[in-house]
Amino acid sequence: MRILVIEDDAEIAAAIAAMLASRKFAADVALDGDAGLNHLLRQEYDAAILDVALPKRDGFTIARTARGEGIQTPILMLTARDAVEDRVSGLDCGADDYLVKPFVQEELFARLRAIVRRADRPIQMQIHVGNLTVDSSARTASYDTRQLPLGRTEFRLLEFLARNAGITFTRTQLLERLWEYDFDGSSNIVDVYVSQLRRKLKSAGAERLLQTVWGVGYKLQA
């Protein structure tokens with residue numbers, strides 16, 4: 001899954017991103033309200049973690065604006081405020097849940113799982129492409145009965161392609177969707193990870209699953 005973190009405290013934002021990375025989730029970080037809203041409106045996320053007290057635009061305004069624009073991304077409000085009226089305001093603005101700082105890691109993930117399950121656009125937790133099974137909840141992948149030993153980025157790449165099986169993605173599209181920062185046009189990072197992933201699929205007997213569409217990009221096809 002890809003999560004948007006909108007938090008103006010750089011240390012807290014980095015800590016949350018590290019927590020997400022430990023579960024093999026991708027994270028985009030925005031340090032002010034304007035940047036956060038721009039991410040939320042322009043990119044697709046499985047969930048957003050949204051601080052209330054932000055420079056330029058507060059969390060209530062971001063949630064209200066996003067919902068007004070038809071954005072259905074599940075939103076978890078994150079704040080140091082614990083007054084009942086603040087929690088009510090956040091939920092009334094369109095947030096799906098509310099978590100008060102400080103918090104423990106397991107509660108954060110439990111609340112993220114809950115809002116994703118409740119979303120109108122539920123996330124398919126187990127994806128099947130032919131004999132390949134990708135389990136987004138357990139963060140595991142297997143072909144037939146053979147487990148694939150995947151690193152964090154390899155798993156994200158496989159999960160994304162499996163969720164969009166049959167669709168060809170260019171290198172630029174994969175960079176924008178899966179990596180947390182920009183690369184110039186000469187970067188071969190996508191090719192490197194595709195090569196690594198293809199080698200592991202081949203060792204499990206799925207050498208034809210990850211296909212190159214010459215002159216375009218890559219796709220996963222049973």
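The values are calculated or read from the model by the stated rules, or taken from the named source; none is laboratory data. This structure is a prediction, so every number in the text was calculated from the model and none was measured. Quick reminder, even Gly has a Cβ in these numbers, built from the backbone with ideal geometry, and neighbours come from all protein chains shown.
Can you tell me which residue in the range 2-20 is farthest from Leu157 (Cα to Cα), limited to those that are out of contact with any strand residue (DSSP E or B) (no Cβ under 7 Å at 6 or more places or on another chain) and surrounded by 13 or more Cβ atoms within 10 Å (Cβ to Cβ)?
Of everything passing the filter in the range 2-20, Asp9 is farthest from Leu157 (Cα to Cα).
Taking the range 189-211, which residues are touching a residue at least 12 places away in the same chain (Cβ under 8 Å) and among the β-branched types (Val, Ile, Thr)?
Ile189, Val190, Val194
Looking only at residues that are at pLDDT 90 or above and part of a loop (DSSP other than H, G, I, E, B) in the range 171-205, which one is surrounded by the most Cβ atoms within 10 Å (Cβ to Cβ)?
Result: Ala204.
Return a yes/no flag: does the range 77-91 have any residue that is at pLDDT below 85, hydrophobic (A, V, I, L, M, F, W, C) and part of a strand (DSSP E or B).
So far as the range 77-91 goes, yes, one or more of its residues are at pLDDT below 85, hydrophobic (A, V, I, L, M, F, W, C) and part of a strand (DSSP E or B).
So in the range 33-46, with the set limited to residues that are part of a loop (DSSP other than H, G, I, E, B) and exposed (fewer than 15 other Cβ atoms within 10 Å of the Cβ), which one is modelled with the highest pLDDT?
The selected residue is Gln43.
Only one residue in Ile49, Ile3, Ile16, Ile62 is under 17 Å from Glu106 (Cα atoms), among the β-branched types (Val, Ile, Thr) and assigned to a helix (DSSP H, G or I). Which one?
Of the residues listed, the single one that is under 17 Å from Glu106 (Cα atoms), among the β-branched types (Val, Ile, Thr) and assigned to a helix (DSSP H, G or I) is Ile16.
Here is a check on your reading of the model: is Glu106 of a type outside the set (A, V, I, L, M), crowded, with 16+ Cβ neighbours inside 10 Å and in a helix (DSSP H, G or I)?
No, not satisfied.
Hey, any hits in the range 109-121 for a residue that's over 16 Å from Arg2 (Cβ atoms) and touching a residue at least 60 places away in the same chain (Cβ under 8 Å)?
Within the range 109-121, none of the residues are over 16 Å from Arg2 (Cβ atoms) and touching a residue at least 60 places away in the same chain (Cβ under 8 Å).
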